[in-house]
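Let me begin by presenting the structure, written as structure tokens, before commenting on it.
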Amino acid sequence: QVQLQESGPGLVKPSQTLSLTCSVSGEFITTKYYYWSWIRQAPGKSLEWMGTIDYSGSTVYSPSLKSRTSISRDTSKSQFTLQLSSVTPEDTAVYFCARASVLEIDGSSWHYDFNSWGQGTQVTVSS
């Protein structure tokens with residue numbers, strides 16, 4: 001049974017880098033074909049997918065956040081991390097890590113099926 005847990009500072013100053021770690025237990029993050037993602041939800045807003053690192057270490061990011069986002073992993077620690085640079089108060093949100101599988105649609109399109117989630121961690125950007 002896979003479990004995910006977010007950790008990191010709950011308060012970040014504007015212009016600095018937000019760094020969070022997702023610790024995974026019960027599953028190897030190198031196992032095919034799983035995808036490890038960061039998702040956030042700002043107050044009053046919908047869930048926003050930020051990016052993913054897959055079983056091979058390849059990454060993909062939301063176009064709106066790509067320039068500021070970096071996801072990496074440490075397989076020996078069974079962890080993957082999020083770094084979001086140049087943060088502003090608009091980045092205040094609950095941040096989730098999640099495991100996903102990829103579902104194919106009509107053999108041409110696909111989407112993530114987020115089947116396991118961490119509990120989320122509140123991050124506030126404020127001076």
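The values are calculated or read from the model by the stated rules, or taken from the named source; none is laboratory data. Worth saying up front: this structure is predicted, and the values here are computed from it rather than measured. In this analysis, Cβ positions are derived from the backbone assuming ideal geometry, glycine residues included, and neighbour counts consider all displayed protein chains. Keep in mind that these areas ignore ligands, DNA and RNA; they rest on the heavy atoms of the full protein, side chains included. Shrake-Rupley method; radii C 1.70, N 1.55, O 1.52, S 1.80 Å.
Taking first residues from segment 1-20 that are within 19 Å of GLY51 (Cβ to Cβ) and partners that are acidic (Asp, Glu) and part of a strand (DSSP E or B), the Cβ contacts under 6 Å between residues at least 6 apart in sequence or on separate chains come to LEU20/GLU6.
For segment 71-98, what are the residues that are in contact (Cβ under 8 Å) with a residue 60 or more places away in the chain, farther than 11 Å from TRP38 by Cβ and either open to solvent by less than 30 Å² (accessible area, probe 1.4 Å) or in contact with a helix residue (DSSP H, G or I) (Cβ under 7 Å, 6 or more places away or on another chain) (or both)?
SER85, SER86, VAL87, ASP91
Beta carbons closer than 9 Å, at least 6 apart along the sequence or on distinct chains, pair a first residue in segment 45-61 that is in contact (Cβ under 8 Å) with a residue 60 or more places away in the chain with a second that is among the small types (Gly, Ala, Ser) and open to solvent by less than 60 Å² (accessible area, probe 1.4 Å) for TRP49/SER37; TRP49/SER62; THR52/SER37; THR52/ALA100.
Among residues of segment 89-127 being in contact with a Ser or Thr (Cβ under 8 Å, 6 or more places away or on another chain) and of a type in the set (Ser, Thr, Tyr), the one that is nearest to PRO14 (Cα to Cα) is SER126. The residues listed here are VAL102, VAL24; of these, the one that is touching a His at 6+ places or on another chain (Cβ under 9 Å), in contact (Cβ under 8 Å) with a residue 40 or more places away in the chain and not in a loop (DSSP other than H, G, I, E, B) is VAL102.
If you take the residues of segment 65-83 that are assigned to a loop (DSSP other than H, G, I, E, B) and not hydrophobic (A, V, I, L, M, F, W, C), which of them is nearest to TYR55 (Cα to Cα)?
THR75
Only a single criterion out of (1) in contact with a Ser or Thr (Cβ under 9 Å, 6 or more places away or on another chain); (2) in a strand (DSSP E or B) is not satisfied by SER86, namely (2).
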